Amino acid sequence: MRSFINYIAEIFSGIWTLLTGMKVTAKYFFTPWKHVTQQYPENRDTLVMFERFRGEVIMPHNENNEHKCTGCGICEINCPNGSIEIITKSVVNEEGKKKRIIDQHIYHLAMCTFCNLCVKTCPSDAIVMAQTFEHAHWDRTTMTKVLNQPGSKIMDGVKE
Amino acid sequence: MTNEQLIEQLTSANPIADVKQGIQYPEITVSFNTLHAFMQNLKSDSNLAFDYLVCQSGVDYPTYMQVVYHLESTLHKHFLIVKVNTENRETPALDTVTDIWPTAEFHEREIYDLLGVKFNNHPDLRRLFLDDTWGFPLRKDYKDDIHVVER
Amino acid sequence: MAEIIEKIITTDEIKTDEYLVNMGPQHPSTHGVLRLLLKLEGEIVHNVEPHVGYIHSGIEKMTEALSYPQIPHLTDRMDYLSSHMNNEAVSLLVENALQVEVPERVKYIRTIFDELQRLASHQLWWCASGMDLGALTAFFYGLRDREDILDIFEETCGARLTLNYSVPGGVMFDIHPNFQRKVKAFIKKFRKILPEYDKLLTGNIIFQNRTRGVGILTKEDAIAYGVTGPTGRASGFSCDVRKHHPYSAYPYIKFDEKLGSDGDSFMRWKLRMDEMWESLNIIEQLIDNIPEGDYAVKMKGVIKLPEGEYYQRVETARGEFGVYVVSDGKKNPYRVKFRSPGFSNLFAINHIAKGWKIADLVAIMATFDLVIPDIDR
Amino acid sequence: MAFEKYDFTPLTQSIHQGLSENLSPLLTTIIEWTIIGVLYLLFIAVFGLLLVYAERKVCAFFQQRLGPMRVGPWGLIQTIADFIKLLMKELITPKSVDKFLYNLAPFIVIIVPFLTISVIPFAPGLQALDFDIGIFFVTAVSSVGVIGVLLAGWASNNKYSLIGGMRSGAQIVSYELSVGMSLITMVIMAGTMQVSEIVELQRGGWFLFKGHIPAVIAFFVFVVAGTAETNRGPFDLAEAESELTAGFHTEYSGIKFAFFFLAEYINLFIVAAMATIVFLGGWMPFHFGGFESFNTIMDYIPGLVWFFMKVFAIIFLIMWFKWTFPRLRIDQILTLEWKYLLPINLFNILLMATMVLLGWHW
């Protein structure tokens, strides 16, 4: 008799646990305004990334097309994946001295792991992380970027 | 057991072994031919009771291979590093400790795979990650022209 | 149940041919590229042979060519669900080797991040094992709540999964001004949601039948196989590194090391659920008391570890993570070995899955909480 | 009564008369068969797509998602697009399959819903076949589907498929019993197996209310066993994707896969329709004793609408099961059937027989 009562009790307690589970899912089914889905390409206008989001390394230029990069190569040394290459050139300045300045700051986006070490170690804060994240390309060569804009020169007052 | 007591006991039990307090933990270097008996004793001695093999790593040195055992006792909570050097670097071989700590079976397979240290009496010594034709990548003289790009 | 299966296996007249089935490398419940070679008789598992290495990335070899500040970002990619703990292990190792005392603030931030990461990892484990057991809805609820933690991470350190936040000497950035407010809001919200998780699955009779008594790992086996983390603790193996070898801010706080006794799949499940509550408690103890100060100490430009060997252990979401570094005094390590929890945990599966059905093997795999890059490294 | 004006009998009869006046009886029969066949074909295709869409939306809403949103407004054309995609896909036949059985299996599986759907009365007068053993016919025919599943599992020459097929076989053979028995319980109460009669008997009140306790138990058992028989979660062992990747239809592609897929959804409809007919009064409107005005308003809703409302309610219930519960293990499924549902059912038949004998029902 006892086992029979247990059997019945088992059935009802089992059904009860199932119903509590169904209550949870039903709660969400009938509150559709709480949906968490973001419809991504449509919400591009309203989508704001956090300001520290590490999307891509860029070199900010001011309105006179000047940047802060001295071409010291510390970012290149600190990059664990070899995604930064610095090409420098020698120029003669007004005083007639030879000086090494940046020619091309090459950044291989496809090899970058966004570890932030280059930005952190840059002595003149020349490079920063941008918040862009749509990096899909058809062609791998487009992911190799030159960060300093053509014709740009170094900002005045940046310590060398 | 404190580290000093541990070192004392190990020294008295193994006069020829090199016992010292390392940078962090007590260390002992044993000879490869006494390895298995020594390890057996570490586990079965109730004062030591090293029943948990935390980590087993292989290191490639210029003239020999070294296998490092990080051992902990779940009973006494003391920690010990056991090092054993192989006889040579060309045909490195050691006794297995799989029968003492089952987890060693796979750590040893990994060491065999990446460093080429053979473990005698191992139940199933096959390569773990790589295929049979591959070299031993964690050796310092390993060269791979296809997959490794030197900067 | 197990006795009946035992009887079926040992009875000769219903013995049929064994056959081999490859579970993986592409299989929904191996959570990555793990291949299990199953020897089955009907539905009953006779032998499980894990074949790993499909995602072996040679991190140990790569680190030999990297400098110490560069190593943490690679450890992100091993156990990607415990990336901050992995970063922290390397950072702590370098700091201990150089005898650098980090500011209190760093310790607090690291510990809060550890626990948030543990919560995020356990949430993903919860939803993925729900999915393994066939409750697909759980998967979306878990991911929904994990999103809050990832947003907190993103706001402070700019990444969601591969954080690379803890660096030798401190943390990469100071915490965001919104950090404390958001964490507190999350804790408040998650305390209401956790009982819902229990209602949806833990109490469910189908779920209980699927997990109770399935895949029992005894304490002795857990120690022998080096099964750590919640999986080991469910068997009664007291292996919490946070408790026994406290690091960062763990010495300052009160928390329980949850221990199970049964060692079955349900206990492993329950233990992780309890750990989530405990993590919430830990964060609550710390979040209001973050001391003022620097977020990093100034390290030398080139970090060179003194010659010698170092070992650092931390508790990740999956178990004990160890870093063993042999330094020859140069700026690159001579040899780095990562003792990953998943590696040891995985190989205990063969021992406990024998005699159970395929569906039980899935339940065991789910409650072992494996991350494949963690195994392969 | 008001709802009589929604009767389809005059329409069908006028078509029949119009045809037989102008054509020979043989030709009339052939044309009528063709019309019915085409109609059912269309119905199954369209309703299957609708159900797939409904499932995706319902599932999404349970999971706090939006579901398909891109193709058409609210993703309405999504399933049609998927269907076109499936039609255009290459039919891959793996090398080592048993070609004949491999190709036969999807047809057997898809034939079953066509057979069973013929006895379902959608509205007064809208029924292809009105047997006197309608219920019996449904239970008999619906178990043919398992042969298709077993064939697919065997002929695919894939271990996962084989396990899936075997699981499905064991499961459906067991649960047939419960489905049959719970229907028998209601047949005892109705005293007839003719489907139209059963619906007609519920004019005064649905059997679920008329038969109270045993009917509710039978309804519960029927829904559970019906869910199992359609291979749906939590009983979706045959295609348990976390264990067997896709189970018995792993090796099928293109339209053959679509057949399995469609058959699953139409079977879902049939289970819901049978539950509606036997327990919830088919196309009968909801009447509440004593509220005459309420009943009159209910009567103005056509029978077809009533039928589909009830069917969708049951389909929603079954979907709710699927998206809440974890999957059972194969031995637990059999335990549930043989240790719980079957004894309950047997007891329930006794209870119902006693009740009918003593006239305790309304």
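Things to note:
- Taking the criterion of being in a loop (DSSP other than H, G, I, E, B) and within 24 Å of C:Asp132 (Cα to Cα), the residues of region D:234-291 that qualify are D:Pro234, D:Phe235, D:Asp236, D:Ala240, D:Thr245, D:Ala246, D:Thr250, D:Glu251, D:Tyr252.
- Scanning region D:351-362 for residues that are surrounded by 13 or more Cβ atoms within 10 Å (Cβ to Cβ) and either in a helix (DSSP H, G or I) or within 14 Å of another protein chain (Cβ to nearest Cβ) (or both) yields D:Leu351, D:Met352, D:Ala353, D:Met355, D:Val356.
- Here the condition is being under 14 Å from the mean Cα position of the chain (by Cα) and within 14 Å of another protein chain (Cβ to nearest Cβ); of D:Phe325, D:Phe308, D:Phe316, it holds for D:Phe316 alone.
- Set D:Pro94, D:Pro73: member being farther than 21 Å from D:Phe269 by Cα and either free of Cβ contacts under 8 Å to residues at least 24 places away in the same chain or among the acidic types (Asp, Glu) (or both): D:Pro73
- In region D:60-97, the residues that are of a type in the set (Phe, Trp, Tyr) and within 14 Å of another protein chain (Cβ to nearest Cβ): D:Phe61, D:Phe62, D:Trp74
- D:Gly37 vs. criteria of a type in the set (Gly, Ala, Ser), closer than 16 Å to D:Phe261 by Cα and at pLDDT 85 or above: no
- All of D:Thr79, D:Thr139, D:Thr93 fail the test of being of a type in the set (Val, Ile, Thr) and either in contact with a Ser or Thr (Cβ under 7 Å, 6 or more places away or on another chain) or farther than 21 Å from D:Ile318 by Cβ (or both), apart from D:Thr93.
- Taken over region C:231-261, the criterion of being outside any helix (DSSP H, G or I) and either within 16 Å of the chain's Cα centre (by Cα) or free of Cβ contacts under 8 Å to residues at least 24 places away in the same chain (or both) is satisfied by C:Ala234, C:Phe237, C:Ser238, C:Cys239, C:Asp240, C:Pro246, C:Asp256, C:Glu257, C:Lys258.
- Residues of region D:210-249 that are buried (at least 19 other Cβ atoms within 10 Å of the Cβ) and within 16 Å of D:Met352 (Cα to Cα): D:Gly211, D:Pro214, D:Ala215, D:Ile217, D:Ala218, D:Phe219, D:Val221, D:Phe222.
- Sub-8 Å Cβ pairs linking a first residue in region C:351-377 that is within 15 Å of C:Met78 (Cβ to Cβ) to a second residue that is surrounded by 24 or more Cβ atoms within 10 Å (Cβ to Cβ) and among the acidic types (Asp, Glu), at least 6 apart or interchain, are C:Val371/C:Asp79; C:Pro373/C:Asp79; C:Asp374/C:Asp79, ordered by first then second residue.
- Counting only residues that are more than 12 Å from chain A (Cβ to nearest Cβ) and either outside any helix (DSSP H, G or I) or among the polar types (S, T, N, Q) (or both), region C:188-216 holds 6 of them.
- Being within 14 Å of chain C (Cβ to nearest Cβ), at pLDDT 85 or above and under 17 Å from the mean Cα position of the chain (by Cα) is a condition met by no residue of region A:138-150.
- Restricting region A:40-89 to residues that are within 13 Å of another protein chain (Cβ to nearest Cβ) and among the basic types (Lys, Arg), the residue that is nearest to the chain's Cα centre (by Cα): A:Arg54
- From the list D:Thr335, D:Thr324, the lone residue that is out of contact with any Ser or Thr (no Cβ under 6 Å at 6 or more places or on another chain) and either at positive phi or not hydrophobic (A, V, I, L, M, F, W, C) (or both) is D:Thr335.
- Residue in region B:25-38 that is surrounded by 17 or more Cβ atoms within 10 Å (Cβ to Cβ), within 11 Å of chain C (Cβ to nearest Cβ) and in contact with a helix residue (DSSP H, G or I) (Cβ under 8 Å, 6 or more places away or on another chain) present: yes
- Among the residues of region D:335-348, those identified as surrounded by 17 or more Cβ atoms within 10 Å (Cβ to Cβ) and either over 25 Å from D:Arg232 (Cα atoms) or not β-branched (Val, Ile, Thr) (or both) are D:Leu336, D:Glu337, D:Tyr340, D:Leu341, D:Leu342, D:Asn345, D:Asn348.
- Residue in region D:61-75 that is assigned to a loop (DSSP other than H, G, I, E, B) and β-branched (Val, Ile, Thr) present: yes
- Pairs with Cβ under 8 Å, 6+ apart, first in region A:130-146 and closer than 26 Å to C:Glu155 by Cα, second assigned to a loop (DSSP other than H, G, I, E, B) and of a type in the set (Asp, Glu): A:Gln131/A:Glu51
- For A:Glu85, the criteria (1) of a type outside the set (Gly, Ala, Ser); (2) free of Cβ contacts under 8 Å to residues at least 24 places away in the same chain; (3) farther than 25 Å from C:Asp76 by Cα hold in every case but one, which is (3).
- Residues that are under 22 Å from B:Glu110 (Cα atoms), within 14 Å of chain C (Cβ to nearest Cβ) and surrounded by fewer than 16 Cβ atoms within 10 Å (Cβ to Cβ) occur at least once in region B:41-63.
- Sole residue being within 17 Å of C:Thr30 (Cα to Cα) and either under 12 Å from the mean Cα position of the chain (by Cα) or within 13 Å of chain B (Cβ to nearest Cβ) (or both), chosen from C:Pro333, C:Pro373: C:Pro373
- Residue within region A:23-39 that is within 11 Å of chain C (Cβ to nearest Cβ), part of a loop (DSSP other than H, G, I, E, B) and either at pLDDT 85 or above or within 20 Å of the chain's Cα centre (by Cα) (or both) present: yes
- The set of residues from region D:302-344 being among the basic types (Lys, Arg) and part of a loop (DSSP other than H, G, I, E, B) comprises D:Arg327, D:Arg329.
- Taking region B:15-106 as the region of interest, the strands (runs of 3 or more DSSP E) fully inside it that hold 2 or more residues being in contact (Cβ under 8 Å) with a residue 24 or more places away in the chain are B:26-30, B:52-60, B:65-72, B:79-85, B:93-95.
- Where strands (runs of 3 or more DSSP E) fall wholly inside region A:50-160, the ranges with 3 or more residues that are β-branched (Val, Ile, Thr) and surrounded by 15 or more Cβ atoms within 10 Å (Cβ to Cβ) are A:84-92, A:98-108.
- Some residue of region D:311-321 being crowded, with 20+ Cβ neighbours inside 10 Å and in contact with a strand residue (DSSP E or B) (Cβ under 6 Å, 6 or more places away or on another chain): no
The values are calculated or read from the model by the stated rules, or taken from the named source; none is laboratory data. All figures in this text were calculated on a predicted structure; none of them were measured in a lab. Don't worry about glycine lacking a Cβ; one is built from the backbone with ideal geometry, like all the others, and counts go over all protein chains shown.
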